[in-house]
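Report on the following structure.
The values are calculated or read from the model by the stated rules, or taken from the named source; none is laboratory data. In this text, all values refer to a predicted model and were calculated from it rather than measured experimentally. Cβ: placed from backbone, ideal geometry, glycine included. Neighbour counts: every protein chain shown.
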Amino acid sequence: MIMQCIHQDDRREVWFAAMDAADDFYSPFDERPYVLLLINHDSGLSDADRLRWSTEIVSSNCRYAICAGIDGSIWDDTLDWAFVDTHIETTDEMLLTTWHDEEPFEDVLRFSFDQARFGAYPLNHYLVLCLGSHPRQITQVVADLTQYLQR
């Protein structure tokens, strides 16, 4: 897994990660709540891999998951079910999920960093996670993300 901090200022800290099916997920934020922008480039992920990663994601204190790329709506549902399964006894925690199938990447970035709101949770820790990405896709996502955040 590739993981690096790509932006930090007074308002937010943004990390980028790229994973393949063999990788285990971990958050760079320890126990701090964070927003996940999940970009799936892998059409061959199994339901078992999706469920394993979703469980790891919701167990790491993700509070807002924005799903884009291939099967964004399926990721949205899988994350919701993983949250319910792992948080069945707690009523004070929530996970908000959205999916953005076939939306331009700039629109997804605008929603993620400028329009997304979640009650009392501060949205200042972000993880942009690319799944099953080829090196050129990773390079393009990082370039677009860096350009967007420098505005």
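Here is how the numbers come out for the structure above:
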| quantity | calculated |
| --- | --- |
| Residue 57 being within 17 Å of residue 128 (Cα to Cα), of a type in the set (Val, Ile, Thr) and modelled with pLDDT of 95 or more | yes |
| Residue 67 being within 23 Å of residue 117 (Cβ to Cβ), at pLDDT 95 or above and in contact with an Asp or Glu (Cβ under 7 Å, 6 or more places away or on another chain) | yes |
| Matching residues, segment 8-43, being of a type in the set (Asp, Glu) and at pLDDT below 95 | 9, 10, 20, 23, 24, 30, 31, 42 |
| Matching residues, segment 134-151, being in contact (Cβ under 8 Å) with a residue 60 or more places away in the chain and either touching a helix residue (DSSP H, G or I) at 6+ places or on another chain (Cβ under 7 Å) or in a helix (DSSP H, G or I) (or both) | 137, 138, 141, 142, 145, 146, 149 |
| Subset tally (residues that are surrounded by 15 or more Cβ atoms within 10 Å (Cβ to Cβ) and assigned to a loop (DSSP other than H, G, I, E, B)) for segment 7-22 | 2 |
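Conditions (1) buried (at least 20 other Cβ atoms within 10 Å of the Cβ); (2) part of a strand (DSSP E or B); (3) touching a residue at least 40 places away in the same chain (Cβ under 8 Å); (4) at negative phi, marked per residue:
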residue	(1), (2), (3), (4)
32	no, no, yes, yes
38	yes, yes, yes, yes
44	no, no, yes, yes
52	no, no, no, yes
57	yes, no, no, yes
77	no, no, no, yes
83	yes, no, no, yes
88	no, no, no, yes
103	no, no, no, yes
